[in-house]
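Take a look at the structure below.
The values are calculated or read from the model by the stated rules, or taken from the named source; none is laboratory data. Just so we're clear, the structure is a prediction, and the values are computed from it rather than from any experiment. Virtual Cβ from ideal backbone geometry, glycine too; neighbours counted across all protein chains shown.
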Amino acid sequence: MEKIDILSLSLDELTSEICAMGEKKFRAKQIFDWLHMKKITDFAQMSNISAQFQAELSKKFCLNQLKIKKRLVSNIDNTVKYLYGLSDGEAVESVLMEYNHGNSLCVSTQVGCKMGCRFCASTIAGWVRNLEPSEILGQIYESERDSKKTVDSIVLMGIGEPLDNFDNVVKFLQILSESGFSLRRVSLSTCGVVDKIRELAKLKLGVTLSVSLHAATDEKRSGIMPINRRFDLKTLMKACDDYFTATGRRISFEYSLIEGVNDDDNSADELIRLLGGKNCHINLIPVNEVKERSFRKSRSVEHFQKRLNNAGLNATVRRTLGADINAACGQLRRDDMAT
């Protein structure tokens, strides 16, 4: 019989399994705390559980663990980039970043990506599979164990489209919340999967929604991001407005500045017309240069930001971290696949 992935079980699901084994309900909470608060890697580490019950747990459940395949540390700002090996031989990336407000971890939600955004390294080799909740959690737990640092905030902005793996991502968020981590410290980045944005809004989890925008007209955005042909800007903006109304959480719009594509004054004015008057934040990002793509970083970042700010929009430029280790997600996995 195939073992149950215990790290992917919510507290209620774990309680049902433990009670079915003839144990009292409180045992499930003890085990849950060992798994998600103390973050043990072996059932034998559960010191308040009898050796006999530890053996029974080991027979029924598996502890899905990630292995560090590569670890790159920036000499500039201590950013750490991990390539994690999965049980089936696949790999995903995580990036641990130091900020004044604490340590932030960018995690992956899929092996590869099917969204096809033209500037993104994660989508070049296509989509392989979704990550299980345990594999998303594992990126946090292994990063903390390796770095000896506490992760203070989480960004679902690594490899994959989180809302394309909706059920597993929501389960991950549920387990994270049940372990005591505030979901207000979680940011979920999406290219604009509108139907799932609406489902997420109904759950009112408290996560910050970051929408990858990158262009402010349908013609230009569709040329960069195929998802726009399915959900145009009018539809996307309505979903974002509804998300804000339902949750009270301000939307963050990500805008990667690409030389000669979306970084001129006209593009800035289009963005001003699209987002003017909205309670939002614009995160300007010098595009990550990928060897398989021709896109180059804009030389007009500060000018573009000033034009938005002068129009009353809250726009900041994302601090570039881990530049010497290519910390943007997708490239380390691509290099590993090529070897």
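Given the structure, is Ala91 small (Gly, Ala, Ser) and over 20 Å from the mean Cα position of the chain (by Cα)?
Spelling it out, it is not the case that Ala91 is small (Gly, Ala, Ser) and over 20 Å from the mean Cα position of the chain (by Cα).
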Quick one: count up the residues across segment 253-272 that are of a type outside the set (Ser, Thr, Tyr) and either surrounded by fewer than 19 Cβ atoms within 10 Å (Cβ to Cβ) or in a helix (DSSP H, G or I) (or both). 10
Enumeration of residues in segment 206-231 that are surrounded by 15 or more Cβ atoms within 10 Å (Cβ to Cβ) and more than 21 Å from Leu284 (Cα to Cα): Gly206, Phe231
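Every residue in segment 153-180 that is free of Cβ contacts under 8 Å to residues at least 24 places away in the same chain and buried (at least 20 other Cβ atoms within 10 Å of the Cβ), please. It would help to see each step written out before you state the result.
Initially, segment 153-180 is screened for residues free of Cβ contacts under 8 Å to residues at least 24 places away in the same chain, giving 167.
The answer is none; no residue qualifies.
Restricting to segment 194-239, and then to whatever is among the β-branched types (Val, Ile, Thr) and in a loop (DSSP other than H, G, I, E, B), can you tell me which residue is farthest from the chain's Cα centre (by Cα)? Break it down stepwise before answering.
So in segment 194-239, the residues among the β-branched types (Val, Ile, Thr) come out as 194, 197, 207-208, 211, 217, 224, 227, 235.
Now narrow it down to the ones that are in a loop (DSSP other than H, G, I, E, B): 207, 217.
Details: Val207: 11, Thr217: 26 Å.
Ranking the qualifying residues of segment 194-239, first place goes to Thr217.
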What is the number of the single condition among (1) farther than 27 Å from Leu163 by Cα; (2) surrounded by fewer than 20 Cβ atoms within 10 Å (Cβ to Cβ); (3) modelled with pLDDT of 90 or more; (4) not aliphatic (A, V, I, L, M) that Asp324 does not meet? (3)
Quick test of your reading of the structure: Lys81 fulfils all but one of (1) out of contact with any strand residue (DSSP E or B) (no Cβ under 8 Å at 6 or more places or on another chain); (2) at pLDDT 95 or above. Name the failing condition by number. (1)
Going by the structure shown, is Ser179 at pLDDT 95 or above, touching a Gly at 6+ places or on another chain (Cβ under 6 Å), closer than 25 Å to Glu13 by Cα and assigned by TED's automatic domain parsing to the domain that holds Ala323? no
Selection count, segment 10-20, where residues are without any contact (Cβ under 8 Å) to a residue 12 or more places away in the chain and within 14 Å of Leu176 (Cα to Cα): 1
Sort out which residues of segment 225-272 are of a type in the set (Ser, Thr, Tyr) and more than 15 Å from Cys117 (Cα to Cα), and write them in order of number. Thr235, Tyr243, Thr245, Thr247, Ser252, Ser267
